[in-house]
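All of the numbers you see were taken from the coordinates with simple rules; none came from a lab. Predicted model, so just to flag it, every value in this text is computed and none were measured. Heads up, the Cβs are rebuilt from the backbone with ideal geometry, glycines too, and the neighbour counts pull from every protein chain shown.
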Amino acid sequence: MNKKYRKAIIAGNWKMNMLSSGVKPFIEELKANMPKSKTCDVVLCTPAVMVANMVKAGKDAKVIAGAQDVSKYEKGAYTGEVSAAQLADIGAKYCIVGHSERRQYHGEDDMLINAKAKALLAAGINPIICVGESLEQREMDLTMEHIAYQVKAALSGIDATALRHCVIAYEPIWAIGTGKTATAAQAQEVCEGIRAVIRKIYGARPARAVSILYGGSMNAKNAFELLGQPDIDGGLIGGASLKPVDFSEIVKATAQDAKE
Ligand code: 13P
C-alpha cells in the first residue's frame, strides 16, 4: 500500500450468501472488532437485495455499501436486471464488475464489462473491475498479456477523470475460494504490471493514484504480508468477509507503513 498517493480499500464480496436479516447483527459484531481510527475504506458488496440494509446498518460503523453486478442498460425492458441508477438510488457507492464467476457462469466478456463499468460511472458508482488469469494461463506464462488485455478492454473509453473513480481488483482464478493464495511476490508482480498498463494509457499521475486490490483466499493470516506490498492497495475478500472477526483483522492489517 502507498497511502500517500492512493486510498487503501478493504472490500468484502459476500457473493450469494447471507440474508437481509443477518446484515445488522453482522455489522454490530464487525463494529465491535474494528479499530477506532480508520486506515482504509471498508466496503461490503452484498447481493442487490441487501444493499439498502447495508446502507442503513453500515452508516454508524462507517461501512460503505456496494453491489456485485449491474446491468449495462440504463433502463427499460430487461427483466431481472438492476440498473446503475437503481443501485445509486438505494445508496450503493461501489459495485464489482467482471468477477471471474460472472465471466465463467454468465459468459460475460470484456466488452460487456467495459459497458457495465461505464454505466456505473455515469450513475456515480465506483466500479471495482476484476481481472485475473486461470491456472493454465499462468502455467503458459500468459498471465501479464491476459491481464493487460482485460485491463485495457475494461477501461476503454474511460477518461482520466473517470479513472479516479475506478478500482482494479487482481483476482487470480486459481486462488479464488481454493485456500491457495498467490504469494505476496506473485500478487505484487501482477499489481505492479497492472499499474504499468494504466501508466501507459493515462500517464504517471493517474496510475499512481489508482487503487489496486488483491483478491483470492485473502484471510486474517496472510493479509498483512500481501498488504505490505507497494502496489497492493487493499483486498477483495470472499470467504473471510462472511466472518466479522476475520474481516476486521484484515481491516487492521491496513494499519502499516506505506511503501513505494
Ligand atoms: P475468496 O476470498 O473466498 O477466495 O474469494 C475471493 C473473491 O472472489 C472475492 O471477489
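Observations on the model:
- Near His99, the amide H atoms lying under 5 Å from its own belong to Cys130; only residues 5 or more places off or on other chains count, and H is placed 1.01 Å from N.
- For segment 145-243, the Kirkwood hydrodynamic radius from C-alpha pairs, put into Stokes-Einstein at 20 °C and a viscosity of 1.002 mPa s, yields a diffusion coefficient of 155 µm² per second.
- Across segment 9-15, computed HN-Hα scalar couplings (Karplus, 6.51 cos²θ - 1.76 cosθ + 1.60, θ = phi - 60°) run 9, 10, 10, x, 10, 6, 6 Hz from first to last residue, x flagging Gly and Pro.
- Remark: C-alpha extents of segment 92-162 on the principal axes read 39, 27, 17 Å, sorted largest to smallest.
- As a ratio to 2.2 N^0.38 Å, the alpha-carbon radius of gyration computed for segment 17-159 takes the value 1.15.
- Cα centroid of segment 91-105 to Cα centroid of segment 10-52, whole Å: 16
- Global form of segment 221-260, assessed from the alpha-carbon gyration tensor, a/c cut-off 1.5: prolate
- Fewest-first ranking of Tyr73, Tyr214, using other Cβ atoms within 10 Å as the exposure measure: Tyr73, Tyr214
- Amide hydrogen neighbours beyond the local backbone of Ala255, cut-off 5 Å, H modeled: none
- Anisotropy class assigned to the chain is rounded, per the alpha carbon gyration tensor with a/c under the 1.5 cut-off.
- Max mean-square fluctuation residue, GNM over the chain, Cα-Cα springs under 10 Å, options Gln86, Gln188, Gln104: Gln104
- Order of Met144, Met54 - criterion: other Cβ atoms within 10 Å of each residue's Cβ, fewest first: Met144, Met54
- Residues with amide H under 5 Å from that of Lys3, placed H, sequence gap 5 or more: Ala258, Lys259
- Using θ = phi - 60° and Karplus 6.51 cos²θ - 1.76 cosθ + 1.60, couplings along segment 45-55 (whole Hz; Gly, Pro as x): 9, 9, x, 3, 5, 10, 4, 4, 5, 5, 4
- Cα Rg, Dmax, segment 1-45, angstrom units: 12.9, 38
- Least to most buried among Ser134, Ser211 (fewest other Cβ within 10 Å first): Ser134, Ser211
- Segment 137-221: relative contact order as a whole-number percent, Cα under 8 Å and 6+ apart: 40
- Spin-label model distance (nm) - Tyr105 vs Lys62, 7 Å beyond Cα toward Cβ: 3.4
- Taking each residue as 0.36 nm, the span from Gln256 to His146 lengthens on full extension beyond its C-alpha to C-alpha distance by 36.5 nm.
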